[in-house]
Amino acid sequence: MNASAPTTAETLRSTLGGILDGLPPKQATAAVERLIASYRGQTPTDAPVLRDRSDVAAYAAYRMPATFEAVRSALDGLAEAAPDWAPASHVDVGGGTGSATWAVDATWDGPRATTVLDWAEPALALGRELAAASPSEALRGAAWRRAVIGSGLSLPEADLVTVSYVLGELTPQARTAVVAEAARAGQAVVLVEPGTPEGYLRIREARDQLIAAGLRIAAPCPHDGTCPIEVGQDWCHFSARVSRSSLHRQVKGGSLPYEDEKFSYVAATRFPTEPAASRITRKPQIRKGLVLLELCGPAEEGLTRVNVTKRQGDLYKAARDVDWGRSWPPAP
């Protein structure tokens, strides 16, 4: 895994700030409001959500830091399950301005051939600008190509295929086609969607499709069996902390220096991995002398609740420090 991940995040924020300096607030706000509707799944479409430079600039300021952190968290789940593996090639489907490519760069060291596909040329153009300003050779050398994301999509074979915050923009038929093509082309596939009930359902359907295509689930699920969550009663999602720059706060109209991005994801591979024994599915609840953990465990156990008490010594200390979404128990 890449020890320079925090530096990559800081570089992305500063690069965004430099390129988007002078972004007109009123124009950005109008574009952001429309993008929020698309992000929440209120405007399903078979056309690009990012239409022009103002849309792209607003998206980059409003969504790129959060998308980066969510994808990086999902990739951490894959890296944890496959600690000796690193992708030498990466295809990002619907990659827009390149959040996922930056997240991959923050997760793994080494040379990497990267291709970003998107149907919005303005997004690709800004993505190229951001990557060109990066110190990363892999990012600067990425290929940015226009492609229609949907039925008929043809991907080059790659070690890693990512599809983040894209499935909700597609019609059901196009969504099925994109997941099928990602499963065909990738040795590892990582799909990320907003952490809403609708986003979870899209990930759940895609998970079933990946398993049917012969891939194995690496994260977040500890198994390849049926998801134990009852649809309509709950949904599987996680949270990533996002540091907010002054530009980010300006566009979003907030004052806090951070926000929490909720997301759902699945990582699947064609090679053996070591999934978590159990996964923490909610923020740990810390009480006096007690930590309550909600877990998704082996298929035969499903969803469970575990009380870790102070009498359990080191395990209790680990429980107090563990984050939502991490594997459990901790490695010895």
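Picking from residues in the range 53-84 that are open to solvent by less than 30 Å² (accessible area, probe 1.4 Å) and charged (D, E, K, R), the one that is farthest from residue 129 (Cα to Cα) is 69. Filtering the range 32-45 for residues that are at negative phi, among the aromatic types (Phe, Trp, Tyr) and modelled with pLDDT under 60 leaves a non-empty set.
Checking each residue in the range 184-202 for being among the hydrophobic types (A, V, I, L, M, F, W, C) and either free of Cβ contacts under 8 Å to residues at least 40 places away in the same chain or open to solvent by 10 Å² or more (accessible area, probe 1.4 Å) (or both) picks out only 201.
Checked against the criteria, residue 117 does not count as open to solvent by less than 20 Å² (accessible area, probe 1.4 Å), among the aliphatic types (A, V, I, L, M), within 19 Å of residue 59 (Cβ to Cβ) and at pLDDT below 95. Annotation note: Cβ proximity below 9 Å between a residue of the range 282-306 that is among the polar types (S, T, N, Q) and a residue that is assigned to a loop (DSSP other than H, G, I, E, B) (sequence gap 6+ or interchain) occurs for 304/297. Is there a residue in the range 98-105 that is hydroxyl-bearing (Ser, Thr, Tyr), out of contact with any Phe, Trp or Tyr (no Cβ under 7 Å at 6 or more places or on another chain) and surrounded by fewer than 23 Cβ atoms within 10 Å (Cβ to Cβ)? Scanning the range 98-105, I find no residue that is hydroxyl-bearing (Ser, Thr, Tyr), out of contact with any Phe, Trp or Tyr (no Cβ under 7 Å at 6 or more places or on another chain) and surrounded by fewer than 23 Cβ atoms within 10 Å (Cβ to Cβ), so the answer is no.
Do we have any residue at all in the range 271-281 that's open to solvent by 80 Å² or more (accessible area, probe 1.4 Å) and either in contact with a helix residue (DSSP H, G or I) (Cβ under 8 Å, 6 or more places away or on another chain) or at pLDDT 95 or above (or both)? Yes - at least one qualifying residue is present in the range 271-281.
The values are calculated or read from the model by the stated rules, or taken from the named source; none is laboratory data. What you see is a predicted model, and the numbers here were worked out from it, not measured in a lab. Counting neighbours? That spans all protein chains shown, and the Cβs are built from the backbone with ideal geometry, glycine included. Accessible surface is based on the protein model in full, side chains and every heavy atom, while ligands, DNA and RNA are left aside. Shrake-Rupley method; radii C 1.70, N 1.55, O 1.52, S 1.80 Å.
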